[in-house]
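**Q** If you scroll down you'll find the structure; I have some questions about it.
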């Protein structure tokens, strides 16, 4: 049996799955001030009358790091960045303890200016005096040559608890995002570590001693040990959990829209042949941009509890929530009240719901029924409009080769999967309005916990081979090896596969669930100087795709 | 906070799977390091910088600017069409006011491709700026356009396409044709009889540095633009004036390019040449993008930049000043030069010989134009390519007067079909293209 537990903003959901389906599911309120006790009480209720030795897998998704960011409750971190030529690194300042230092590496990974060791020692002293315990070091183009970061770390090591290096964060280029991501990992490290050590200890006391897996924003899992180096990857794992929970119901070989309709927002995501689409670079929310691998999700400020208002004869929905629906004792009418008025929902206080919708109806000059219908239709329209905008955006993403321009994949979904409380009521309406096959996912109230339980380990490696310089590297994995002039695509792929496999095993992957390897990117360039060939540059990215572990999915159908 | 002062659109199309041939300067690797630099700098994350996906240019787009022989499909590949289409997408973004200005970082380039194109010359098969400019004129009804070509090679293709057009000001600054392909672009080349002075060619001596380039911009290009009052400024942004470029002999630098862009304020910039792909392009392109977006670019300096070593000699400075004086005096006399050039209604003939270095074609042309004071004048080009075809192309300009429209049709209808492999009519007022 396996366990998935997802701590959400208001509720914490957990399930035990066996090869026969859902054995048990629970829902407890989340106490944002004490997530540890929330997790613990979830496990206590879940494991009551269950033999812990039967449990083979535990996956946890929490809002711990997300909350820390939102509440600005993060450890002060010292950042040392070396930029070289380009945009002034002052623009990427992360806080008070931010130092731009000399040293420069170019796009080929060649050193253009050395590190000034005395400057680093001075900064180390200043940071130490300021009481800083964690430091991040990022140099521009470190993914091509991390030697400056490594040298700086060597100088800093004896002064600080932990030093985080930019080239470990991702194989992708993007200096500002690398700074933000390295900073995030350092800033939530202590919080993440103490939280999960406490969880592990408590679970061990309950007799649950198997390794714990943590859910990431890309809908995959990593081992608790691996998470200690990259705690930032747990940000926004909640939306990822839900989307993974929709996968069992997605048809093979089709593009699918997933809509998770919550209280205040609706999350939108896409599946292609049962695999979720990923962000091309990393998580971004508003001004915050990172290199954290993530599912491609966006949200629209409309949910079951969105506040309804009318001004100048125009109906607005959300984006705020002023409490639950009036049917459940809230202060303002909501889309949920509209569902009650239309007789689609038969829970809650119908009189209060009608009273709420009545005020809206009067202002709009409609009957209660008509007003409720208008609200319901508007919700569907707004959510779907946003969804189609996202599809257009995905399909107009720039490409860099003639081949991709002409043959590139076009997303064209033929089915919608709905998650969240109001999902069953919305399914038929959306199908009527848009003529797209729409299904409310069964057990959608705990789909997030199911998604967490079933998510398999994911990871990605990025390789760069440069036969002129005679080297193949994957600096994110601390890997560099000499290569000859005759290095080939086959050798590159073999090296990449071996590194990916090793990384996956280290992240807690089960060898049985490692066959979904995908080459995300492959490019080859001839290096030519003065009209004569000097060597080749090969680049590739290989990943274990997000998806579900084997053996459980069938029982959910 | 890092933010673009001017909303700037970018089309980035490095064509990572297209080359003229594997060791040619115009190969897959050309924009690789530029992409690395721009990506590492996080350019596409900056609020106010918007990346657009290029589109395919259509035969119709090309037919507004050029006679492709035998047709568009035969002499282009998809990459050419995406490159021209990328420039078009930027034009739409700028003209639709989605962005304030835009930069098409596309390859292959186009500025050596002329009104008649039998194939590739100077790495160019179709003229991406000219196709874009004609698209803008038709779609958005823009009248006066200035094209400033800052590529190190004379932009002879664009020069040729707008040779007879008084509404398009074409200025090319380039390394002296006596020392550089294509060997043209001297101060006396001022445009056709109906458009004298609307083409200005500014040859610069080998060894010209940032000082010289900015002198020309400040003392010639900007005053001329002030007088011309264009509705739109296009920069053919070649990057081969750089001190490390393997094909040229100049001493320009990334800071200089960025300053030039700030001074010129182009509405649209289109990448042309530039083959110092590692030491120059990553920094020059970054500098141009930041300058267009109005973001501080003082940190964009090549790692090996040494201004002392790149200083231009006094004799070079003197030569540049003399050339600028000469060009300015031609510009001042342009209307007089036009009225001296011929009598309205008469036909003037010129003969040209054109060599296509990329495709090894030799072309002979005989051009006849109607002298006109009311429009650019209709003309016909009798063109014979060896190896290749013998064609006649008739062009009726977009703002053609009634007499020139009639003359254009007379050229087309009276042309003997058995003399030519093909006869083309480019009727710009009707936006139509006919072949017989």
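The rows are residues; the columns are (1) away from every other protein chain (no Cβ under 14 Å); (2) over 17 Å from the mean Cα position of the chain (by Cα).
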{"site": "B:198", "(1), (2)": "yes, no"}
{"site": "B:203", "(1), (2)": "yes, no"}
{"site": "B:213", "(1), (2)": "yes, yes"}
{"site": "B:221", "(1), (2)": "yes, no"}
{"site": "B:228", "(1), (2)": "yes, yes"}
{"site": "B:234", "(1), (2)": "yes, no"}
{"site": "B:239", "(1), (2)": "yes, no"}
{"site": "B:253", "(1), (2)": "no, yes"}
{"site": "B:272", "(1), (2)": "yes, no"}
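**Q** Mind checking which residues of region B:181-201 are within 19 Å of residue B:273 (Cα to Cα) and surrounded by fewer than 22 Cβ atoms within 10 Å (Cβ to Cβ)? Lay out the reasoning, then the answer.
**A** First, the residues of region B:181-201 that are within 19 Å of residue B:273 (Cα to Cα): B:181-185, B:201.
B:181, B:182, B:183, B:184, listed by residue number.
**Q** May I ask you to say which residue of A:406, A:433 is in the same structural domain as residue A:335 (by TED's automatic domain parsing), at pLDDT below 95, in a helix (DSSP H, G or I) and exposed (fewer than 12 other Cβ atoms within 10 Å of the Cβ)? Steps first, answer last, please.
**A** Working: A:433 fails: exposed (fewer than 12 other Cβ atoms within 10 Å of the Cβ).
Matching residue, one of A:406, A:433: A:406.
**Q** Then there's this: With the condition kept exactly as written, say whether any residue in region A:102-114 is outside any loop (DSSP other than H, G, I, E, B), touching a helix residue (DSSP H, G or I) at 6+ places or on another chain (Cβ under 8 Å) and modelled with pLDDT of 95 or more. Explain how you work it out, then say what you get.
**A** As a first pass, look at region A:102-114 and keep what is outside any loop (DSSP other than H, G, I, E, B): A:104-105, A:111-113.
So of that shortlist, the ones also touching a helix residue (DSSP H, G or I) at 6+ places or on another chain (Cβ under 8 Å) come out as A:105, A:111.
From what is left, the residues that are modelled with pLDDT of 95 or more are A:105, A:111.
Yes, the conditions are met somewhere in region A:102-114.
**Q** Okay, next question. Can you tell me which residues in region A:37-65 are more than 19 Å from residue A:211 (Cβ to Cβ), in contact (Cβ under 8 Å) with a residue 12 or more places away in the chain and surrounded by fewer than 19 Cβ atoms within 10 Å (Cβ to Cβ)?
**A** Once the filter is applied, which keeps residues that are more than 19 Å from residue A:211 (Cβ to Cβ), in contact (Cβ under 8 Å) with a residue 12 or more places away in the chain and surrounded by fewer than 19 Cβ atoms within 10 Å (Cβ to Cβ), region A:37-65 yields A:41, A:44, A:45.
**Q** Is it fair to say residue B:354 is in contact with a strand residue (DSSP E or B) (Cβ under 9 Å, 6 or more places away or on another chain), crowded, with 16+ Cβ neighbours inside 10 Å and closer than 22 Å to residue B:119 by Cβ? Don't jump to the end; show me each part of the working.
**A** On the way: in contact with a strand residue (DSSP E or B) (Cβ under 9 Å, 6 or more places away or on another chain): yes; crowded, with 16+ Cβ neighbours inside 10 Å: yes; closer than 22 Å to residue B:119 by Cβ: yes.
Spelling it out, residue B:354 is indeed in contact with a strand residue (DSSP E or B) (Cβ under 9 Å, 6 or more places away or on another chain), crowded, with 16+ Cβ neighbours inside 10 Å and closer than 22 Å to residue B:119 by Cβ.
**Q** Here is a follow-up. Quick one: which of B:2, B:32 is outside the structural domain of residue B:301 (by TED's automatic domain parsing) and more than 23 Å from the chain's Cα centre (by Cα)?
**A** Details: B:32 fails: outside the structural domain of residue B:301 (by TED's automatic domain parsing).
The conditions single out B:2.
**Q** Specify the residue that is farthest from the other protein chains (Cβ to nearest Cβ); the eligible residues are those in region B:1-54 that are without any contact (Cβ under 8 Å) to a residue 12 or more places away in the chain and within 19 Å of residue B:123 (Cα to Cα).
**A** B:21
**Q** Continuing with this model, one more query. Taking residue A:38 as the residue in question, decide whether it is assigned to a helix (DSSP H, G or I) and either farther than 22 Å from residue A:207 by Cβ or in contact with a helix residue (DSSP H, G or I) (Cβ under 9 Å, 6 or more places away or on another chain) (or both). So that I can check it myself, show each step before the final result.
**A** On the way: assigned to a helix (DSSP H, G or I): yes; either farther than 22 Å from residue A:207 by Cβ or in contact with a helix residue (DSSP H, G or I) (Cβ under 9 Å, 6 or more places away or on another chain) (or both): no.
In short, no.
**Q** Any residue at all in region A:476-483 that's assigned to a helix (DSSP H, G or I) and either outside the structural domain of residue A:18 (by TED's automatic domain parsing) or buried (at least 20 other Cβ atoms within 10 Å of the Cβ) (or both)? Please lay out each step first, then the result.
**A** The initial filter retains those residues of region A:476-483 that are assigned to a helix (DSSP H, G or I), namely A:476-477.
Those still in the list that are either outside the structural domain of residue A:18 (by TED's automatic domain parsing) or buried (at least 20 other Cβ atoms within 10 Å of the Cβ) (or both) too: A:476-477.
The answer is yes, given that some residue of region A:476-483 is assigned to a helix (DSSP H, G or I) and either outside the structural domain of residue A:18 (by TED's automatic domain parsing) or buried (at least 20 other Cβ atoms within 10 Å of the Cβ) (or both).
This table checks each residue for (1) in contact with a helix residue (DSSP H, G or I) (Cβ under 7 Å, 6 or more places away or on another chain); (2) touching a residue at least 60 places away in the same chain (Cβ under 8 Å); (3) over 19 Å from residue A:475 (Cβ atoms); (4) within 14 Å of chain B (Cβ to nearest Cβ).
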site	(1), (2), (3), (4)
A:507	yes, yes, no, no
A:519	no, no, yes, no
A:522	no, no, no, yes
A:529	no, no, yes, yes
A:532	no, no, yes, yes
A:541	no, yes, no, yes
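**Q** Quick one: residue A:95 ticks every box in (1) under 30 Å from residue B:279 (Cα atoms); (2) in a loop (DSSP other than H, G, I, E, B) except a single one, so which number is it?
**A** Of the numbered conditions (1) under 30 Å from residue B:279 (Cα atoms); (2) in a loop (DSSP other than H, G, I, E, B), the odd one out for residue A:95 is (1).
**Q** Scan A:244, A:228 and give me the residue that is touching a residue at least 24 places away in the same chain (Cβ under 8 Å) and touching a strand residue (DSSP E or B) at 6+ places or on another chain (Cβ under 9 Å).
**A** Working: A:228 fails: touching a strand residue (DSSP E or B) at 6+ places or on another chain (Cβ under 9 Å).
None of the others qualify; the one that does is A:244.
Residues checked against (1) farther than 15 Å from residue A:260 by Cα; (2) without any contact (Cβ under 8 Å) to a residue 40 or more places away in the chain; (3) touching a strand residue (DSSP E or B) at 6+ places or on another chain (Cβ under 6 Å); (4) within 14 Å of another protein chain (Cβ to nearest Cβ):
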| position | (1), (2), (3), (4) |
| --- | --- |
| A:399 | yes, yes, no, yes |
| A:424 | no, yes, yes, no |
| A:430 | no, no, yes, no |
| A:433 | yes, no, no, no |
| A:438 | no, yes, yes, no |
| A:442 | no, no, no, no |
| A:457 | yes, no, yes, no |
| A:465 | yes, no, yes, yes |
| A:480 | yes, yes, yes, no |
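**Q** Tell me, yes or no, whether region B:250-257 has at least one residue that is assigned to a strand (DSSP E or B) and either without any contact (Cβ under 8 Å) to a residue 12 or more places away in the chain or assigned by TED's automatic domain parsing to the domain that holds residue B:175 (or both). Explain how you work it out, then say what you get.
**A** So the first thing to find is which residues in region B:250-257 are assigned to a strand (DSSP E or B), and the list is B:251-252.
Narrowing further to those that are either without any contact (Cβ under 8 Å) to a residue 12 or more places away in the chain or assigned by TED's automatic domain parsing to the domain that holds residue B:175 (or both): B:251-252.
Yes, some residue in region B:250-257 is assigned to a strand (DSSP E or B) and either without any contact (Cβ under 8 Å) to a residue 12 or more places away in the chain or assigned by TED's automatic domain parsing to the domain that holds residue B:175 (or both).
**Q** Continuing with this model, one more query. Tell me yes or no: at least one residue of region B:377-399 is crowded, with 22+ Cβ neighbours inside 10 Å, over 22 Å from residue B:156 (Cα atoms) and touching a helix residue (DSSP H, G or I) at 6+ places or on another chain (Cβ under 8 Å).
**A** Looking for residues that are crowded, with 22+ Cβ neighbours inside 10 Å, over 22 Å from residue B:156 (Cα atoms) and touching a helix residue (DSSP H, G or I) at 6+ places or on another chain (Cβ under 8 Å), one finds none in region B:377-399, hence no.
**Q** Which condition breaks for residue B:59 when tested against (1) more than 10 Å from every other protein chain (Cβ to nearest Cβ); (2) more than 27 Å from residue B:267 (Cβ to Cβ)?
**A** Checking residue B:59 against (1) more than 10 Å from every other protein chain (Cβ to nearest Cβ); (2) more than 27 Å from residue B:267 (Cβ to Cβ), the one that fails is (2).
**Q** Any chance region B:72-95 includes a residue that's more than 9 Å from chain A (Cβ to nearest Cβ), in contact with a strand residue (DSSP E or B) (Cβ under 6 Å, 6 or more places away or on another chain) and either on the phi > 0 side of the Ramachandran plot or surrounded by fewer than 19 Cβ atoms within 10 Å (Cβ to Cβ) (or both)?
**A** Within region B:72-95, not a single residue is more than 9 Å from chain A (Cβ to nearest Cβ), in contact with a strand residue (DSSP E or B) (Cβ under 6 Å, 6 or more places away or on another chain) and either on the phi > 0 side of the Ramachandran plot or surrounded by fewer than 19 Cβ atoms within 10 Å (Cβ to Cβ) (or both).
The values are calculated or read from the model by the stated rules, or taken from the named source; none is laboratory data. The shown structure was predicted, so the numbers you read here are calculated from the model rather than taken from an experiment. Heads up, the Cβs are rebuilt from the backbone with ideal geometry, glycines too, and the neighbour counts pull from every protein chain shown.
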